[in-house]
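Okay, so here's the structure we're looking at.
None of the figures in this text is laboratory data; all of them are computed from the coordinates on show. None of the values given here were measured: they were computed from a predicted structure. Don't worry about glycine lacking a Cβ; one is built from the backbone with ideal geometry, like all the others, and counts go over all protein chains shown.
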Amino acid sequence: MGVGGVWRATRTPIGPATLQLTQSGGEVTARGWGPGAEWVLEHAPALVGADDDPRPFVAHHPVVGDLYRRMPGLRLGRSTAVMEALVPTVIEQKVVGKDARRSYAKLVRALGEPAPGPVRLFVPPSPDVLASTPSWAFHRFGIERRRAETVIRACRYARRLEETTSMPPAAARQRMQALPGIGPWTSNEVSALALGDVDAVSVGDYHLPHLVAFALAGEPRGDDDRMLELLEPYRGQRARVLRLLEAGAPTPPRRGPRMALRDIARI
C-alpha cells in the first residue's frame, strides 16, 4: 500500500463510492465515502481476500513452494464488480498493456464522474453511458471499432453479467462468453478479478505460457497447451499459482524487440 493507503473509486448498486484501505501490521482498515460507502465497507473484506482460504493448496513444485513460503499473506480478492473488470479487460484485448491502461484512463476521465471523498478520483462510467456512446466516439481514447462494439454490447447486457457474482465460476464464464467478442481470455481475467475465481487461467495470454513454462520446466517458451499441462497438478487452485509466479518468479529471456505502442486516436 502506498502513501495514504490504497484508494478505489467504484460504482455500487446503491451509488458511487470511494474506498480507502490502510494497513498496519497484519490489520487492514477501511473507510468509505459517498452513497455507496456502506456497500463498499461491507464488501471490503472480500476485496482484500479475507474470504480466500489457501489451506487446500499444495505446492507440488519447488519454485511454487518457495514463493508460497515467501508470500504467506498473498490472498486472492474479489471485487464483486463485473462490469468494472470487464470493460478495461476488453480494452486490453490484443494490445500492449500500456496502450490499454492509457485508453481506459482517457475513457474514465471523459465519461466518468468525480468520485466522492477527499481525493481526486473518477468513478468509471456507468454501463448505461457506455451503451449509449457510439463506437466512433471511442476512437479518441485509442479504442478501435471492434473493441468499442464489444464494450457497448456488453454494457447493454450489464444486468445479466452482474448476476454472475452469484453463479459458480464455470457458469459465470459461460455466460460471459455467450456475448460476441468475449472469449476465454477475457472471461477468465474477469472471473479472477471480480469473482475471486481461484482456478481461473487466462488462456490466450501473450506472456503467461512463457512465464509458466520457464518457472516450472525451465523452458524459455511455452504455449497454452504446455501451460495447462504444467498447471494440471494445481487444478482448482491454478489462479493462485499464476499469482505467485507473476509476483516473484524469474521471467523468461526475451526474444526480439518489444511490441511498439500504438496511438489509434491519431490514425
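For the range 143-186, compute Rh as the Kirkwood radius over C-alpha pairs and then the Stokes-Einstein diffusion coefficient at 20 °C and 1.002 mPa s; write the answer in µm²/s, rounded to an integer.
On the way: Rh = 10.9 Å.
Once the numbers are plugged in, D ends up at 197 µm²/s.
Residues whose amide H comes within less than 5 Å of that of T12, counting only those at least five positions distant or on another chain, are A17 (H built at 1.01 Å from N in the peptide plane). Across the range 47-64, rounded Karplus estimates of 3J(HN,Hα) from the backbone phi angles (6.51 cos²θ - 1.76 cosθ + 1.60, θ = phi - 60°) give 4, 8, x, 5, 7, 7, 10, x, 4, x, 6, 10, 8, 8, 10, x, 5, 5 Hz, Gly and Pro being marked x. A simple spin-label model places pseudo-atoms 7 Å from Cα toward Cβ; at T165 and Q177 they are separated by 2.4 nm.
Inter-label distance, M71 to F57: 0.8 nm, where each label sits 7 Å from its Cα along the C-beta direction. Relative protection proxy for 51-60, 168-177, from highest mean packing down: 168-177, 51-60 (other beta-carbon atoms within 10 angstrom). Within the range 47-64, which residues have the backbone N less than 14 Å from the label spot 7 Å out from Q23 along Cα→beta-carbon, could you tell me? Taking a point 7 Å out along Cα→Cβ of Q23, the residues of the range 47-64 whose backbone N falls under 14 Å are 47-50. Converting phi to 3J(HN,Hα) with the Karplus coefficients 6.51, -1.76 and 1.60 and the offset θ = phi - 60°, the range 214-221 yields 6, 6, 9, 9, x, 9, x, 9 Hz in sequence order, with x at every glycine or proline.
Annotation for the range 92-113 versus the range 46-75: alpha-carbon center distance of 31 Å.
Kindly give Rg over Rh for the chain, based on alpha-carbon atoms, with the Kirkwood expression for the hydrodynamic radius. Let's see the in-between values first.
Values: Rg = 19.0 Å, Rh = 19.7 Å.
Result for the chain is an Rg/Rh of 0.96.
In the range 198-237, whose amide N lies under 17 Å from the spot 7 Å out along Cα-to-Cβ of E246? List them in ranges. From the range 198-237, the list is 198-216, 224, 227-228, 231, 236-237.
Please report, to one decimal in angstroms, the Kirkwood hydrodynamic radius of the range 82-232 built from all distinct Cα-Cα pairs.
On the way: mean 1/r = 0.0607 Å⁻¹.
Evaluated over the range 82-232, this radius sits at 16.5 Å.
Each of S24, S202, S191 has some number of other Cβ atoms within 10 Å of its Cβ, and from fewest to most they run S24, S202, S191.
Please arrange T251, T12 by how many other C-beta atoms lie within 10 Å of their C-beta, fewest to most. Please list the in-between numbers first.
Numbers: T251 12, T12 21.
Starting with the residue having the fewest Cβ neighbours, the order is T251, T12.
From the Cα trace of the range 1-132, what convex hull volume per residue do you get, rounded to a whole Å³? Walk me through the numbers on the way to the answer.
Numbers: hull volume 20.1 nm³, N = 132.
Enclosed volume per residue, from the Cα hull, is 153 Å³.
Using C-alpha pairs under 8 Å with a sequence gap of at least 6, the mean separation divided by the residue count of the chain gives a relative contact order of 17 percent.
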